Amino acid sequence: MYMRFMTAEPFRIKMVERLKKTTKEERQKWLKDAGYNAFKIKAENVYIDCITDSGTSAMSSEQWSALMLGDESYAGSKSFYKLEESVQDIFGMPYVQPTHQGRAADFIMAKLYAKEGKYAIGNMHFDTFRGNAEVLGALAVDYVVDNGKDTASPSHPFKGNIDLSKMEKLIEENGSDQISVVIITVTCNNNGGQPVSMQNIREVSNLAKSYNIPVVIDAARLSENAYFIQQREDGYHNKSIKEITREMFSYCETATMSSKKDGLVNIGGLFVTRNEDILKQAQQLAIVHEGFITYGGLAGRDLEALAVGLQEGVDEQYLEYRINQAKYLGDRLLEQGIPIIEPTGGHGVYVDGRRFFPHIPQNEFPSQRLVVALYEEAGVRAVEIGACAFGSKDPITGEDILPDVETMRIALSRRVYTNSHMDVIANALGEIYKNRNLYKGMKLVYEGPIISLRHFTAGFELL
Ligand SMILES: *Cc1c(COP(=O)(O)O)cnc(C)c1O
């Protein structure tokens, strides 16, 4: 009842950061200088930055005050115990090893769970785990449900789910000793921030347990996933977010987290487990690669800010704002006929490059062309997740292999932009969409030696 009029952001602004408005001529020059690669544009020349939601959150006044309480002791810092308590409260798991970023937790997890020549099953593995797994010689396979690859099936509520029959088939055909781990990424970043249902987490876990295969959750966006479960899954409407997160993690042995997402901080990661033996091994790796076990590569003040941020991340009023901001932008694009991945996911809106520019073939980078157009028109920086970022080459013929996904991701930073900024993005894309026939494709003129990382440094020309 009281909420009826209370539809705006559940915070007010205490400190502001100036944004620079620029001219189209300036932006055209900067684009040219950057080789038409958004990663090479200076951030100060961006009006609204949607290149990632990672490490870009605005901290609250509580977090800024917590920074001053940081205990910078090398060992046994008071701040570590506060973080440990906050993590235990949300994860319902006993053992916590902080790390400097999510990928460091991925590295430790890959070292302990990925095995040479054996499979690591996931919905869609995140790049940093895949990189670590491949270095170790493990076979990382993506078994997201077929619906999860279909950009236009709005009625499917949990497109991040793992396909149980594919998983069972792989186990049966190869023997369970050939599968070293199952990793569930919540939410599933690579197909649009799509959630995984509790039922799927439970069933994947039961299946894995029946074959003695350990389950790991990559929990970067744990609270967004929990909110989707509460809103969309039968039996969870009356459960609190924390009840839901604790149930999610009751089905896994270990969880990793990049705290730069739902931790609402700018740096940090977590390795969390219920297995004491795994903890001891993780601590050894942390000491070698990160720092002593009670700080793991972070300052005491970072641990404080994260302890508070995790709790703010599970606040329902915050999550309602967060998920509905993405939906607001998605709806404003849909009403103009712009093709996006439906339903809108948790941390951004993904525009379908192939359906937006149907006349531009995928090997001429339609989504990258859209990234360039959006920056040129409105100073908005998004990112391509398509032929450049996920393309590969046939190792024998050297021919291009084009990925299933072909999108432009508009990632939304947490608590940073208002819905007026969303309107700027929607209006600019509407204008580009009206004139879509005027745009031509692009040509890749430079790529670095490691193809899976080429999008960070690639250079393009406009055709
Ligand atoms: C960001 C992310 C990571 C890596 O975390 P960093 O903090 O960037 O090192 C791993 N997994 C998922 C799902 C992520 O979104």
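The values are calculated or read from the model by the stated rules, or taken from the named source; none is laboratory data. Quick caveat: nothing in here was measured; it's all calculated off a predicted structure. Here the Cβ is made from the backbone with ideal geometry for all residues, glycine too, and neighbour counts use every protein chain on show.
Might you check whether a residue that is closer than 25 Å to N266 by Cβ and part of a loop (DSSP other than H, G, I, E, B) occurs anywhere in region 84-95?
yes
Of the numbered conditions (1) more than 16 Å from the ligand (Cβ to nearest atom); (2) surrounded by fewer than 18 Cβ atoms within 10 Å (Cβ to Cβ), G55 fails exactly one; give the number of that condition.
Among (1) more than 16 Å from the ligand (Cβ to nearest atom); (2) surrounded by fewer than 18 Cβ atoms within 10 Å (Cβ to Cβ), the lone unmet condition for G55 is (1).
Hey, among the residues in region 133-144 that are among the small types (G, A, S) and without any contact (Cβ under 8 Å) to a residue 40 or more places away in the chain, which one's farthest from the ligand (Cβ to nearest atom)?
Among those that are among the small types (G, A, S) and without any contact (Cβ under 8 Å) to a residue 40 or more places away in the chain, it is G137.
So for region 30-45 (the condition being within 16 Å of the ligand (Cβ to nearest atom), among the hydrophobic types (A, V, I, L, M, F, W, C) and outside any loop (DSSP other than H, G, I, E, B)), does at least one residue qualify? Can you show your working first?
Going residue by residue through region 30-45, those that are within 16 Å of the ligand (Cβ to nearest atom) are 39.
Remaining after also requiring among the hydrophobic types (A, V, I, L, M, F, W, C): 39.
Retained after the next criterion (residues that are outside any loop (DSSP other than H, G, I, E, B)): 39.
So far as region 30-45 goes, yes, one or more of its residues are within 16 Å of the ligand (Cβ to nearest atom), among the hydrophobic types (A, V, I, L, M, F, W, C) and outside any loop (DSSP other than H, G, I, E, B).
What residue, among those in region 23-52 that are basic (K, R) and in contact (Cβ under 8 Å) with a residue 24 or more places away in the chain, is surrounded by the fewest Cβ atoms within 10 Å (Cβ to Cβ)?
K24
Conditions (1) closer than 15 Å to V182 by Cα; (2) surrounded by fewer than 19 Cβ atoms within 10 Å (Cβ to Cβ), marked per residue:
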position	(1), (2)
A105	no, no
M109	yes, no
L112	yes, no
K115	yes, no
K118	yes, yes
I121	yes, no
M124	yes, no
T128	no, no
T151	no, no
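If the Cβ limit is 7 Å and pairs must be 6+ apart or interchain, which residue in region 256-273 that is closer than 12 Å to F91 by Cβ and assigned by the TED database to the domain that holds H347 pairs with which residue that is more than 7 Å from the ligand (Cβ to nearest atom) and at pLDDT below 95?
Within 7 Å, no pair qualifies.
With (1) part of a loop (DSSP other than H, G, I, E, B); (2) of a type in the set (A, V, I, L, M); (3) within 16 Å of the ligand (Cβ to nearest atom) as the list, and I13 as the residue in question, which single condition is left unmet?
Every condition holds for I13 apart from (3).
Can you tell me how many residues within region 160-192 are more than 19 Å from E116 (Cβ to Cβ) and within 15 Å of the ligand (Cβ to nearest atom)? Give the steps one after another, and end with the answer.
So the first thing to find is which residues in region 160-192 are more than 19 Å from E116 (Cβ to Cβ), and the list is 160-169, 172-173, 184-192.
Those left that are additionally within 15 Å of the ligand (Cβ to nearest atom): 160, 162, 184-192.
Going through region 160-192 one residue at a time, the tally reaches 11.
Can you find a residue that is among the aromatic types (F, W, Y), more than 15 Å from the ligand (Cβ to nearest atom) and either assigned to a helix (DSSP H, G or I) or under 22 Å from V216 (Cα atoms) (or both) anywhere in region 263-271? If you could, list the steps in order and put the result at the bottom.
We begin by selecting, within region 263-271, every residue among the aromatic types (F, W, Y); these are 271.
Then keep just the ones that are more than 15 Å from the ligand (Cβ to nearest atom); that gives none.
No, region 263-271 contains no residue that is among the aromatic types (F, W, Y), more than 15 Å from the ligand (Cβ to nearest atom) and either assigned to a helix (DSSP H, G or I) or under 22 Å from V216 (Cα atoms) (or both).
Per-residue answers, yes or no, for (1) assigned by the TED database to the domain that holds D89; (2) surrounded by fewer than 24 Cβ atoms within 10 Å (Cβ to Cβ); (3) modelled with pLDDT of 95 or more:
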| position | (1), (2), (3) |
| --- | --- |
| I293 | yes, yes, yes |
| G300 | yes, yes, yes |
| K327 | no, yes, yes |
| D331 | no, yes, yes |
| V351 | no, no, yes |
| F356 | no, no, yes |
| F365 | no, no, yes |
| R369 | no, no, yes |
| A378 | no, yes, yes |
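Could you say whether any residue in region 115-132 is under 22 Å from V204 (Cα atoms), touching a Gly at 6+ places or on another chain (Cβ under 9 Å), at pLDDT 95 or above and within 16 Å of the ligand (Cβ to nearest atom)?
yes
How many residues does region 64-81 contain that are crowded, with 20+ Cβ neighbours inside 10 Å and part of a helix (DSSP H, G or I)?
Number satisfying all stated conditions: 3.
Looking at region 340-348, can you tell me whether even one residue there is within 14 Å of L444 (Cβ to Cβ) and at pLDDT 95 or above?
no
Looking at region 365-372, can you tell me whether even one residue there is in a strand (DSSP E or B) and touching a residue at least 60 places away in the same chain (Cβ under 8 Å)?
no
Considering every residue within region 203-213, establish whether at least one is in a loop (DSSP other than H, G, I, E, B) and hydrophobic (A, V, I, L, M, F, W, C).
Yes, that holds for at least one residue.
Please determine, by comparing only the residues of region 230-262 that are within 16 Å of the ligand (Cβ to nearest atom) and of a type in the set (V, I, T), which one is surrounded by the most Cβ atoms within 10 Å (Cβ to Cβ).
Here is the first cut: in region 230-262, the ones within 16 Å of the ligand (Cβ to nearest atom) are 245, 248-249, 252, 254-262.
Subset that is of a type in the set (V, I, T): 245, 254, 256.
Numbers: T245: 25, T254: 26, T256: 32.
Taking the candidates together, the pick is T256.
Yes or no: A120 part of a strand (DSSP E or B) and touching a strand residue (DSSP E or B) at 6+ places or on another chain (Cβ under 9 Å)?
Working: part of a strand (DSSP E or B): yes; touching a strand residue (DSSP E or B) at 6+ places or on another chain (Cβ under 9 Å): yes.
Yes: the conditions hold for A120.
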